[in-house]
Structure formats: C-alpha cells, structure tokens
Amino acid sequence: MILKDCLEKIIDNRGRNPKYYDNEAYPVIDNVMIKNNYHPNINEATRFIDQDTHDNFLRGYLEPNIPIMTLVGGGIGNVSLSIDDKSVIVQNTIGFKTKTEVLDSIYLYYWFLYKHDELIQFNRGSGQPSIRKTDIENMNIELKNINYQRKVSKILSEIDEKIELNNKINNNLHELCNNMYFELVSQLDDSNSSSKQIKEVSKCVLGGTPSRAKSEYWKGNINWINSGEVNNFRIIDASEKITELGLQKSSTALLPKGTTVLAITGATLGQVSRLEIDSCANQSVIGIIPNNIELNNYIYLSILNTINDLILKQTGGAQQHINKNDVETHEIIIPNDKLLKKFDERTRSMFDKISMTCFENKRLEQLRDTLLPKLMNGEIDLDNIEI
C-alpha cells in the first residue's frame, strides 16, 4: 500500500519563514529538536511565534502524537511525535495525520524509525542534505491490521514513556542539586570558604587519541570517548574501545567514574558532563578529577555554573579552544570541610539515583530497539495480548 493513501493530510508549512520571537505563545519544533526521540523536549525550543502568526500564517496545525519529520539538514529523516496543539512546525519540517481506521499514528512513527536508513537514501541535496515530501508519500507500507498496529504502538510507547518519565525524574533531581549548590554558595564568605584554583583541588587531565594506523590499539576493552559524548547529560557509553597497549602508547589517560569532563574545542566547546563509567578521552576533552572524593559533586556543579567564564578565555582563529592552563587556573570558591561534607551527604544519593536511571534508560532503549524490527516484521505473536 502507498503511504499517501493511508494519510488524511500532510501538515506542511514550508515556504517563507514567519517572524520569530524570543518567548511568545507557540514554541516552534525545529530540526534540532527532532532526533528520533519519542517526543521532542519543548524546553529546547529557541524560536516562538505569536498568536497572530499562528492564526494567519500557518497552513496546518499539529495535534497530539502526530509523526513529524525533518526534510532538510543534517538530521534528514529524523522523526518525533508532536506533543500537543500548543507547538508548531514551520519550514523544513512536515507532519503526517493518518486515517486512523487504516493506520495508527504512533505505529507510523515507529515504522519511520524502522525505515530510517531507507529515508536517508532519499537525500537529493548536494551542499545541504534534503528529501522530498513526494518520496515519503510514495513509500510502500505493508500494513498489518489496525488492532495489531495498536498493540505494537502500546508495547513500544510504554517503553518510551518510561524513558521520558525517567528523564523528567533526572531533570528534577539535577535541578534540586543545582539549587542546593546555589544555596550553599550564597552562604559562603571568608570565614567558611576560600578561593582556589582548580589545580589546587583537582588534577586536570587532557585526553589523547591512540594512533589510528595501529590496529592493535583499538577494539579492546577500555572505554574511550570523543568530545561529542560530552553533549550528553551523563556519559554512560564509550564512543569506541581501545586496548591496554593503546592506552600505554598514547597521551590519553583513564579517567575514573565521577570525573567532570569538559569539551575544550570544536562544536562542543564549553559542554560539561560527568562520567558514569571509567573512560579515556580524546585530546578535545579535559577531565577534572578532585583530590577529595567529597568534592566530586561540588566540582561538577561549580564548573557547570561557571563555564561561561572559561568560554570567554577561549583562543584560536578558525578553531577556537580553551587552554588546559585556563582550566587549571580557573578559580572557584571551596567550602570548608564541614560544609563540603554536609553538601556531599545531601547530594550523593541524588547523583547515584541519576546514574542508575541513566543506565536503566540505556537498557530500555536496547529493549525497544531489539523489539522494533521483530514487531514490524510480525515475528512476535501478539494474538493473545490484550490492549
């Protein structure tokens, strides 16, 4: 069956862009927010439209759980489900409203995920990747009966909803820890704290990359991350694995779990994250390892909240970067031992909970990704499953 025969309409607001605002009635879901995630994070919205633009400029409007897709840019073929009718899509993004008696809307989202590699092959752009709406409309979709589709949607969406709930829990825990940090800092003065350079209380370790020409340095069992991983809220996966020989024969070093990591160059410059695994890193990453384990959480939050001061010190022409020396000499306020111990005791369980929840999400994602092709291919018998 041709996909367009299963659609009630395509929501397409392509063409000239409207005027955008900093904070108006309707957040715009753009390409950056659509990244094969169940629902885009509306808090990531950076563009908004007002009520007049919504009423008079747009040609189509979202409803909850409408599959939306990126047509232009690095994320072509990426999909998400719309959140509600309070958000909008504009240029380079389209939505698919299905004939619900034929094609379940959430099932279509998962079908797009299943077909992601095929969607990318529709790229017709040269300088900038792009795919045409007509190529997607004319895709062949082998439809199971609607009851089967709804069962698949329920199984997979329950996993994704649990992942979303976990993310909300982690965001709330992180915000709570951050508030505790600001509460503590507001109480500090000369009588209960001192100003220290990072190198006085921590070891700063610049990463490195084993030679790619030496195959014996790679595909081992030691975690190694590139700076792209520092974009993640917490780092629970390695970008690649290196061998013990690769570790010994390069300038990289093994950073322990709990290390604060900072991207110092490239597109991720200024990003801060925290290792939840022991891992090495490349030369675009600095690891900050406190001398006292009770400083771990405090250092992470301190760097996270003062990173703009370090970014202002960046140097370089075409490739901006933060120098290791600037990180080492960066000054932060350190509480006395009593206050630091109390802060560590208050935040440690929350940091541990965040870590456990991140790993739980990893397992849930692996389960979902394992089930997806099997469910789409009808390899799992759902006849006895009630919804």
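The values are calculated or read from the model by the stated rules, or taken from the named source; none is laboratory data. Please read these numbers as outputs of a predicted model, since none were measured by experiment. For neighbour counting, all protein chains shown are included, and Cβ atoms are generated from backbone atoms with ideal geometry for every residue, glycine included. Each accessible area value is taken on the protein alone, full model and side chains, heavy atoms only, with ligands, DNA and RNA left out. Shrake-Rupley method; radii C 1.70, N 1.55, O 1.52, S 1.80 Å.
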Problem - FRET E, pair Asn172, Lys203, Förster distance 22 Å, beta-carbon r, rounded to 0.05 - result: 0.10
Completion exercise
A chain fully extended from Arg14 to Gln248 at 0.36 nm per residue, minus the present Cα-Cα distance, gains in nm 78.9 nm
Exercise for the section: Subtract the Cα-Cα distance of Asn41 and Gln319 from 0.36 nm times their separation in residues, and report this length gain in nm to one decimal. Expected result: 97.1 nm
Completion exercise
Note to self: with every protein chain in place and a 1.4 Å probe, the chain gives an accessible area per residue in Å² of 49
Problem - Cα-Cα P(r), region 101-186, percent of pairs per 5 Å interval - result: 3, 11, 14, 14, 11, 11, 10, 9, 7, 6, 3, 2, 0
Handout entry: Residue-count net charge about Ile94 - beta-carbon cut-off 13 Å; Lys, Arg +1, Asp, Glu -1
Key = +3
Practice task
Counting other Cβ atoms within 10 Å, keep those with at most 16, restrict to DSSP loop, and tell me which trypsin sites (Lys or Arg not before Pro) in region 304-372 are left.
Solution key: Lys313
Fill in the blank from the handout: Going through Lys196/Lys241; Lys196/Lys338; Lys203/Lys313 one by one, the pairs whose alpha carbons sit over 24 Å apart turn out to be Lys196/Lys241
Practice task
Report, in whole Å, the centroid distance computed from the Cα atoms of region 143-159 and region 1-75.
Solution key: 25
Practice task
Report the relative contact order of region 189-298, percent, no decimals, based on alpha-carbon pairs under 8 angstrom and at least 6 residues apart.
Solution key: 34
Exercise for the section: Take the Cβ-Cβ distance between Arg132 and Ile236 as r, set R0 to 41 Å, and report the resulting FRET efficiency rounded to the nearest 0.05. Expected result: 0.65
Exercise for the section: Mind giving me the nanometre distance, one decimal, between the label points for Glu164 and Tyr114, set 7 Å out from Cα along Cα→Cβ? Expected result: 2.1
Fill in the blank from the handout: In debye to the nearest 20, the charge dipole size for the chain, taken about the Cα centre with +1 at each Lys and Arg Cβ and -1 at each Asp and Glu Cβ, equals 860
Exercise for the section: Would you mind checking region 269-287 for residues with the amide N under 13 Å from a putative spin-label position 7 Å along Cα→C-beta of Leu188? Expected result: none
Practice task
Take the alpha carbon gyration tensor of region 138-228, find the square roots of its eigenvalues, order them as a ≥ b ≥ c, and report rounded if a/c is under 1.5; if not, report prolate when a/b exceeds b/c, else oblate.
Solution key: oblate
Fill in the blank from the handout: For the chain, the charge dipole (Cβ of Lys, Arg +1; Cβ of Asp, Glu -1; about the Cα centre) points to a positive end, and the Cα of Asn221, Leu262, Asn147 closest to that extreme belongs to Asn221
Practice task
Return the whole-Å distance between the Cα centroid of region 260-310 and the Cα centroid of region 89-111.
Solution key: 40
Handout entry: For the chain, calculated [θ]222 nm from helices alone, where every DSSP H run of n ≥ 4 adds -39500 (n - 2.57)
Key = -11500 deg cm²/dmol
Exercise for the section: Compute the relative contact order of the chain as a whole-number percentage, counting only Cα pairs closer than 8 Å that sit 6 or more residues apart in sequence. Expected result: 15
Exercise for the section: Rounding to the nearest 20 debye, state how big the charge dipole of region 241-329 is about its Cα centre with +1 on each Lys and Arg Cβ and -1 on each Asp and Glu Cβ. Expected result: 200
Problem - Volume of the Cα convex hull of region 1-126, divided per residue and given in Å³ - result: 110
Problem - Asp52-Gln121 pseudo-label distance in nm [points 7 Å out on the Cα-to-Cβ vector] - result: 4.8
Handout entry: Estimated inter-spin distance, Ser211 and Asn305, nm [label 7 Å along Cα→Cβ]
Key = 4.7
Handout entry: Leading residue at positive end of dipole, region 155-254 (Cβ point charges), from Asn231, Ser211, Ile242
Key = Ser211
